Amino acid sequence: MGSKKRLVLYYPQQIDDTRGKPYSKDLLPLSLLTIASHPALEGYEVVLIDGGLYRQDEAHRRVLAACEGALLYATTGILGHQVLDGFHCSRKVKARFPELPAFIGGWFASTAPRMQLETGLYTAVAIGQGEITFRDLVHAVEAGASLETIPGLALWREGDVVFTPPRSV
């Protein structure tokens, strides 16, 4: 059986590389590696770009190249520059691929879903732990199914945030 469609995951830079501060290259993108596990086992092509390994313009270039023909794009962010870099990259993705479903999760997005959804960049915010939620998102996007049936999401509907039922830990 051939590979299923491509999923593009971006792990934003944790520090601003234009400030000249060193960045530890040994910080692994564990959150995205974790959510990628189910889809990878199911045969999806998972492309994970770790922004910390590249200068910002190169990281974003790689994301945009990977998004060509992809099923979806997803990113994350904890606090600080990682949130800003994820926003800038997502804005570029949306500008080039306006119809590509885009998702965000992580600590910051989980606590501020309205802020994320008001940008118009994201189809949904994954709230809390995302391993099962992301797997369900992938299946729904591929099937063209409604996201309202997936527990653990925040969605933007008619100018407001709507939460699907919570997903247990």
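The values are calculated or read from the model by the stated rules, or taken from the named source; none is laboratory data. Since the model is a prediction, treat every value here as computed from it, not as a measurement. Cβ placement follows ideal geometry from the backbone for every residue including glycine, while neighbour counts extend to all protein chains displayed. Remember, those area values only see protein heavy atoms, side chains included, never the ligands or the DNA or RNA. Shrake-Rupley method; radii C 1.70, N 1.55, O 1.52, S 1.80 Å.
Couple of notes before you dig in:
- Using θ = phi - 60° in the Karplus curve 6.51 cos²θ - 1.76 cosθ + 1.60, the 3J(HN,Hα) couplings for region 83-92 round to 5, 5, 5, x, 4, 5, 5, 4, 5, 5 Hz; x is entered for Gly and Pro.
- Estimated [θ] at 222 nm from DSSP helical runs (n ≥ 4, -39500 (n - 2.57)) normalised by residues in the chain, nearest 500: -11500 deg cm²/dmol
- Using only alpha carbons, the chain has a radius of gyration to Kirkwood radius ratio (Rg to Rh) of 0.94.
- Spread of Cα-to-Cα distances over 5 Å intervals beginning at zero, given as percent, for region 1-101: 2, 13, 24, 25, 18, 11, 4, 1, 0, 0
- Percent carbon-and-sulfur accessible area, the chain, ignoring ligands, DNA and RNA, probe 1.4 Å: 58
- Long-range HN-HN contacts of T75 with modeled amide H, under 5 Å: Y10, F103, I104, G105
- DSSP-defined antiparallel bridges as percent of all bridges, the chain, nearest 5: 25
- All-pairs alpha carbon distance profile, region 43-99, 10 Å steps from 0, percent: 22, 58, 19, 1
- Straight-line reach from K92: taking Cα to Cα under 16 Å and skipping same-chain neighbours fewer than 8 places apart, the aspartates and glutamates in range are D57, E58, E68.
- Pair W107, T149: separation of 7 Å Cα→Cβ label points (nm): 3.5
- Between L53, L41, L147, the Gaussian network model of the chain with springs among Cα atoms under 10 angstrom shows the greatest mean-square fluctuation at L41.
- Karplus (6.51, -1.76, 1.60) ³J(HN,Hα), θ = phi - 60°, over region 100-106, in Hz, Gly and Pro reported as x: 6, x, 10, 10, 9, x, x
- Here the relative contact order of region 51-169, from alpha carbon pairs under 8 Å that lie six or more residues apart, stands at 19 percent.
- Within the chain, the longest run free of GluC sites (Glu not before Pro) that sit in a DSSP loop with at most 15 other Cβ atoms within 10 Å is 100-157.
- Around A66: net Lys/Arg minus Asp/Glu count, Cβ-Cβ under 13 Å: +2
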